[in-house]
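Trainee: Below: one structure in structure tokens.
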């Protein structure tokens, strides 16, 4: 059921990128690598946020025969490109979806042509600007989508708060990593903003607003009841995979989150439950780059032994049930409910 | 004549920031330092782009009695905050307007509280997000300004292309720095995009569109005839100051651009004219961090001796005359012309 909308989003994205590329290289053909890199980057991804927006649109009575809606949803995928490119810089990630991350790609390009100055700086500066460009393009995609003045006015406040919440969630997450530990409550709040709101609730509201739903309508409230717990469940699954996932499946190094020192609800719960001796061992390893396989296994055993994995699995189950109950609402159209049920499954696969 | 509009812009900015702060900390009070840092950052600056937008608005017949226009112009100052914060990261600048640059500020904050992880990374990640937030707020400020649907529709394409051109100019500038040398022509193109278009022409168009001027109107064409040469002149003055300026006046270390390896029209012209021996000496020093005062003086003497300073001074004069001639156009209102003449003087002071 999702493959049709997904293809329509891909086509709309391709159309926007072709026009944006023309506009960019009309400034200078030297900008071709920037546009190409962003296009290649955007070839991957599950289009989760545009798909949720489409589901929100359909669920609030919108017709998926309207082409404009696909063009409008492209803006969410461009926003996500900015988030990922900048996130990889902040995390110092070398790879993304099995390929070099944007800053590494341009670091290598600079190094191969023996560019003047420092290659790492060049890579970071280029990725910074490409992320900024993706953010700028995301607004442009919405403005050029062909939606009506009324639709633009309704969706703008949602798109604005969504972007503020994204940056806020990113900061809280990153800031949490600079503390010795954070509470489970704080970790769940970060998951609420980074996944519940940014990935699901706000895209649903975005689509609902485009279909004419009011900000205080029951349908948008039902979307919140579905989106926030589902997003948390989705983030918690991601957190488990970040520690225990098979790198051939996740596309990231084994124990990536452990080396990165990512303070998830899983880690917060484990830290609260470890004995003082175990906590010392944990702290001496957690967040160290280049952990050996043995050290990763030690951390995994400590986390498992604390009961945190069972706690998180139970939480995932509870939140998923909450989410699925919330869409059992007659204010959401049946086609919308079907899309939401399909997306609940898609979203709990590894995020990209 | 400029102090009234400047005060009105400051008030509008303060109003937007107060609301944006409330929205941000309603997410989490931990976000207070982010909002405070951006507010302090925005306390400085000449408000050049909002002032040009107001001049463009008045010149196309708009009335400065309308409060909405000031709120709309705030978006340009927020965009500039993003540009500066990210630019300082790319350039590795330690200071901005005599205070620590954003990434250094948060590096220090992390280091003082002995935060977990690397302080430099934390500083960069925080500044990256604050710049992103400023970019997001810049769109939000426009959307919330209270302008009509018609005004929003007219100004959006200009704001979109302006931001694309900004990122393009930043990339061309940064990329130029990774080459052994660039042509005077390329350097002037960078100045056209970074200053001519971004600082002057597009803000004027932004204001003109808000006053109802069509994209192909004579008044917007006159703004281009004024804005592009004036912006180039302004950038060329900045380039001279970046090499020869007194640090107590510029607020930047002496010879800053020399250590940064900034490939300006001044440098491009000098490199084209130096003898092979002088060129070798130049290349061995240019772009090295921590140049001694003697080495800075050597580079200054080489540039001066190449005739590049005279060439640039002459170019500044020519471009300024072109700009001032262009505003002698009866399609621009007399109050608009007065503002533009005042701004021509203000803009050729050191940029901030």
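Here, each number is a calculation from the coordinates, and none is a lab measurement. Treat the numbers as computed from the prediction; the structure is a model and nothing was measured. Using ideal geometry, Cβ is built from the backbone for each residue, glycine included, and neighbour counts are taken over all protein chains shown.
Trainee: Output the number of the condition that residue A:190 fails; it satisfies all remaining conditions of (1) facing chain B (nearest Cβ under 7 Å); (2) under 14 Å from residue A:263 (Cβ atoms).
Mentor: With respect to (1) facing chain B (nearest Cβ under 7 Å); (2) under 14 Å from residue A:263 (Cβ atoms), residue A:190 is out only on (1).
Trainee: Name the residue, out of A:65, A:120, A:112, that is free of Cβ contacts under 8 Å to residues at least 40 places away in the same chain, surrounded by fewer than 20 Cβ atoms within 10 Å (Cβ to Cβ) and more than 13 Å from chain B (Cβ to nearest Cβ).
Mentor: Values: A:120 fails: more than 13 Å from chain B (Cβ to nearest Cβ); A:112 fails: more than 13 Å from chain B (Cβ to nearest Cβ).
That would be A:65, the only listed residue that is free of Cβ contacts under 8 Å to residues at least 40 places away in the same chain, surrounded by fewer than 20 Cβ atoms within 10 Å (Cβ to Cβ) and more than 13 Å from chain B (Cβ to nearest Cβ).
Trainee: Could you tell me which numbered condition residue B:160 fails, if it satisfies all but one of (1) touching a residue at least 40 places away in the same chain (Cβ under 8 Å); (2) part of a helix (DSSP H, G or I); (3) within 7 Å of chain A (Cβ to nearest Cβ)?
Mentor: (1)
Trainee: Restricting region B:163-187 to residues that are more than 17 Å from the chain's Cα centre (by Cα), more than 8 Å from every other protein chain (Cβ to nearest Cβ) and assigned to a helix (DSSP H, G or I), which is surrounded by the fewest Cβ atoms within 10 Å (Cβ to Cβ)? Explain how you work it out, then say what you get.
Mentor: Going through region B:163-187, the residues more than 17 Å from the chain's Cα centre (by Cα) turn out to be B:175-186.
Still in the running and more than 8 Å from every other protein chain (Cβ to nearest Cβ): B:176, B:181-186.
Imposing the further condition that a residue be assigned to a helix (DSSP H, G or I) reduces the set to B:176, B:184-186.
Values: B:176: 23, B:184: 20, B:185: 9, B:186: 20.
The selected residue is B:185.
Trainee: Please work out if residue B:39 is under 25 Å from residue B:223 (Cα atoms) and within 22 Å of the chain's Cα centre (by Cα). First the steps, then the outcome.
Mentor: Numbers: under 25 Å from residue B:223 (Cα atoms): no; within 22 Å of the chain's Cα centre (by Cα): yes.
No; evaluated as a whole, the condition is false for this residue.
Trainee: Would you please list the contacts, defined by Cβ atoms under 6 Å and residues six or more apart or on different chains, that run from a residue in region B:236-254 that is touching a residue at least 24 places away in the same chain (Cβ under 8 Å) to a residue that is outside any helix (DSSP H, G or I)?
Mentor: B:237/B:348; B:238/B:351; B:239/B:264; B:241/B:350; B:250/B:350; B:251/B:97; B:251/B:98
Trainee: Can you say whether residue B:35 is closer than 30 Å to residue A:178 by Cβ, in contact (Cβ under 8 Å) with a residue 24 or more places away in the chain, more than 9 Å from every other protein chain (Cβ to nearest Cβ) and in contact with a helix residue (DSSP H, G or I) (Cβ under 7 Å, 6 or more places away or on another chain), as far as the supplied structure shows?
Mentor: Working: closer than 30 Å to residue A:178 by Cβ: yes; in contact (Cβ under 8 Å) with a residue 24 or more places away in the chain: no; more than 9 Å from every other protein chain (Cβ to nearest Cβ): yes; in contact with a helix residue (DSSP H, G or I) (Cβ under 7 Å, 6 or more places away or on another chain): yes.
In short, no.
Trainee: Go through (1) in contact (Cβ under 8 Å) with a residue 60 or more places away in the chain; (2) within 12 Å of chain A (Cβ to nearest Cβ) one by one and return the number of the condition residue B:72 breaks.
Mentor: If we test residue B:72 against (1) in contact (Cβ under 8 Å) with a residue 60 or more places away in the chain; (2) within 12 Å of chain A (Cβ to nearest Cβ), just (2) comes out false.
Trainee: Examine region B:140-149 for a residue that is under 21 Å from the mean Cα position of the chain (by Cα), assigned to a helix (DSSP H, G or I), free of Cβ contacts under 8 Å to residues at least 60 places away in the same chain and facing chain A (nearest Cβ under 8 Å), and state whether such a residue exists.
Mentor: If we filter region B:140-149 for residues that are under 21 Å from the mean Cα position of the chain (by Cα), which is where we start, we get B:140-142.
From what is left, the residues that are assigned to a helix (DSSP H, G or I) are B:140-142.
Those still in the list that are free of Cβ contacts under 8 Å to residues at least 60 places away in the same chain too: none.
No, region B:140-149 contains no residue that is under 21 Å from the mean Cα position of the chain (by Cα), assigned to a helix (DSSP H, G or I), free of Cβ contacts under 8 Å to residues at least 60 places away in the same chain and facing chain A (nearest Cβ under 8 Å).
Trainee: Going through B:78, B:84 one at a time, which residue ends up being closer than 19 Å to residue B:128 by Cα and crowded, with 24+ Cβ neighbours inside 10 Å? Spell out the reasoning first.
Mentor: Numbers: B:84 fails: crowded, with 24+ Cβ neighbours inside 10 Å.
Answer to the selection: B:78.
Trainee: While we're on this one: Could you pull out the residue among A:18, A:99 that is more than 30 Å from residue A:323 (Cβ to Cβ), more than 23 Å from the chain's Cα centre (by Cα) and surrounded by fewer than 20 Cβ atoms within 10 Å (Cβ to Cβ)? Talk me through it step by step, then tell me what you get.
Mentor: Working: A:99 fails: more than 23 Å from the chain's Cα centre (by Cα).
Only one candidate qualifies: A:18.
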